[in-house]
Every structure is written in structure tokens, then in C-alpha cells.
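This report concerns only the one structure given below.
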């Protein structure tokens, strides 16, 4: 019978305690959505100004619909961050997300081929970074962790680079 003591020592991924994303991450997402809804509101304003839409009996329906959509979207944005988190274990990294459809991604360190850190303008303003981890054979990032504090992102990045180099040294010996 096959027996691997390393695998038996691993805790179940459902029992891992996850670290929350930085509290500013939700504001970056909210600002991005706010910009999107402002553009929609401007387009709706132009539609009212330059078309006979104001003269119809359903003139306020698009405005009410947009307000309901904005309220629902922002509620879901703030609520969704309660379900997001990451965990670093001895041999892998785990990321969880999702309100209705829960998703947990486990990526072993020895499968990571390369990684990158990304900071957009809003992320820089709020002191955040996004960490993208790639494994061999993938077309895109296998694991993306948005909303990490910049310093924490650098620490995780360096830890992963050290683990990858240690694994390569073992393989090459």
C-alpha cells in the first residue's frame, strides 16, 4: 500500500484559517464600479437630453433601474469581501472567494513556474498590490490574489521565490 507521510501531515484545506484581504481592497473595487456607473449615468443623461425619452410615461424607469442596480452591486461588493481570503501553508497557497458559488484554489509551491506583482493607479493610491501566480502550461494566471497590502505582497512574493529556488536546488542536485 502507498504511504506518504508528507501528505498525511497536511491539514485539510477546509480547516485552514484564512487571512482576510486588506480593508482598502473593497474601496478599490467600489471606486472602479462607481466610475462605471457614472459613465452609465452620463450616457443616460445624454439620452434624456437628445432624445424624446423624457416625454414618455416610462421616463423614470431607466433611472430607477440604474439606482436599484447600483445599490445591489455595491451591497454585493462589500458583502463579497467577507468570503475572500488566502492562506499560506508549508507546501501550498490557498485562495477562497465567492458568495453564491464558493471557490477555493490550492496551488502547490512546486507547481509555480513564475509570479508577478501588479499595481494599478488605484491600488497604488490605496497601498495595495495584486499577486499573480502561474504554473506550467497555463495560458493565464492560475491564482490571482487581489487586495494584498503592498508590503505583505512583497513578503509573500519573496517567500514564494525562496521556496521555488529551494525546490530547484533540490531537483538540480
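The values are calculated or read from the model by the stated rules, or taken from the named source; none is laboratory data. Quick caveat: nothing in here was measured; it's all calculated off a predicted structure. FYI the Cβ positions are ideal-geometry reconstructions off the backbone, even for glycines, and counts take in every protein chain you see.
Quick look at the numbers
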{"item": "Any chance residue 98 is closer than 18 Å to residue 153 by Cβ, loosely packed, with under 15 Cβ neighbours inside 10 Å, at pLDDT 90 or above and in the same structural domain as residue 137 (by TED's automatic domain parsing)", "result": "no"}
{"item": "Residues satisfying the stated conditions in the range 101-119, i.e. surrounded by fewer than 13 Cβ atoms within 10 Å (Cβ to Cβ) and closer than 23 Å to residue 27 by Cα", "result": "101, 102, 103, 116"}
{"item": "Number of the condition not met by residue 107 [criteria: (1) in the same structural domain as residue 136 (by TED's automatic domain parsing); (2) more than 19 Å from the chain's Cα centre (by Cα); (3) not in a helix (DSSP H, G or I)]", "result": "(2)"}
